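The values are calculated or read from the model by the stated rules, or taken from the named source; none is laboratory data. In this text, all values refer to a predicted model and were calculated from it rather than measured experimentally. In this analysis, Cβ positions are derived from the backbone assuming ideal geometry, glycine residues included, and neighbour counts consider all displayed protein chains.
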Amino acid sequence: MASARSPVAALLLLIAALSLVAGCGGDSDDAGSSAAAEPFHVIDVDTLATQRDELQDLQILDVRTPEEVAEGTIPGALNIPHVEVEAGSTEGLSLDRPIVAICRSGNRATIAGEALVAAGATDVRVVRPGGVGTWRDAGYPITVP
């Protein structure tokens with residue numbers, strides 16, 4: 001009798017294991033496709049600092065509100081609030097040059113990054129996680145307009 005239960009138990013164990021693997025595989029594929037589906041590059045403030053020094057045509061877009069920007073921003077950054085970028089405003093930007101979107105935490109920059117790609121920008125980068133405060137905390141320069 002013990003030998004009759006062993007094949008059944010082994011079969012049930014195999015089915016359970018395959019179900020777990022299939023379920024995990026689905027989750028991984030979803031996560032991978034989400035990351036791959038992002039139409040922009042995600043960078044951190046240290047990468048931004050390096051690219052700012054190395055890429056002469058890099059455009060930094062601060063998508064925070066004018067009130068937030070008045071407290072300090074990255075030198076040379078253009079301010080277009082994310083709601084305006086989302087509505088299609090790209091005045092002052094060249095969509096065929098690299099654009100880095102930055103905000104306070106990365107959420108608004110992500111929204112702006114998606115809108116920039118939809119508007120035809122060819123090289124969009126989003127600072128995430130973190131933003132201007134993280135930039136400041138890392139010791140990088142801030143200017144008050």
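A quick yes/no check of all residues on (1) of a type in the set (Lys, Arg); (2) modelled with pLDDT under 95; (3) surrounded by fewer than 18 Cβ atoms within 10 Å (Cβ to Cβ):
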site	(1), (2), (3)
35	no, yes, yes
109	no, no, no
115	no, no, no
120	no, no, yes
124	no, no, no
- In the range 67-79, anything assigned to a loop (DSSP other than H, G, I, E, B) and surrounded by 19 or more Cβ atoms within 10 Å (Cβ to Cβ) is listed as 74, 77
- Message: Return the residues of the range 87-131 that are within 17 Å of residue 76 (Cβ to Cβ) and of a type in the set (D, E, K, R); say none if nothing qualifies.
- Response: 91, 97, 125
- Within the set of pairs 6+ apart or on separate chains, which have a first residue in the range 52-66 that is surrounded by 11 or more Cβ atoms within 10 Å (Cβ to Cβ), a second that is small (Gly, Ala, Ser), and C-beta atoms under 6 Å apart? 60/77; 61/101; 62/77; 63/101; 63/109; 63/112
- Message: I'd like to know if the range 88-100 contains one or more residues that are of a type in the set (Gly, Ala, Ser), outside any loop (DSSP other than H, G, I, E, B) and at pLDDT 95 or above.
- Response: no
- Task: Being surrounded by 14 or more Cβ atoms within 10 Å (Cβ to Cβ), of a type outside the set (S, T, N, Q) and out of contact with any Asp or Glu (no Cβ under 9 Å at 6 or more places or on another chain) is the filter here, so list the residues in the range 85-94 that pass it.
- Result: 85, 93
- residue 42 vs (1) in a strand (DSSP E or B); (2) out of contact with any Lys or Arg (no Cβ under 6 Å at 6 or more places or on another chain): all pass except (2)
- Counting just the residues of the range 126-141 that are part of a loop (DSSP other than H, G, I, E, B) and surrounded by 15 or more Cβ atoms within 10 Å (Cβ to Cβ), which one comes out nearest to the chain's Cα centre (by Cα)? 128
- Please enumerate the residues belonging to the range 101-110 that are outside any loop (DSSP other than H, G, I, E, B) and either more than 15 Å from residue 60 (Cα to Cα) or free of Cβ contacts under 8 Å to residues at least 12 places away in the same chain (or both). 107
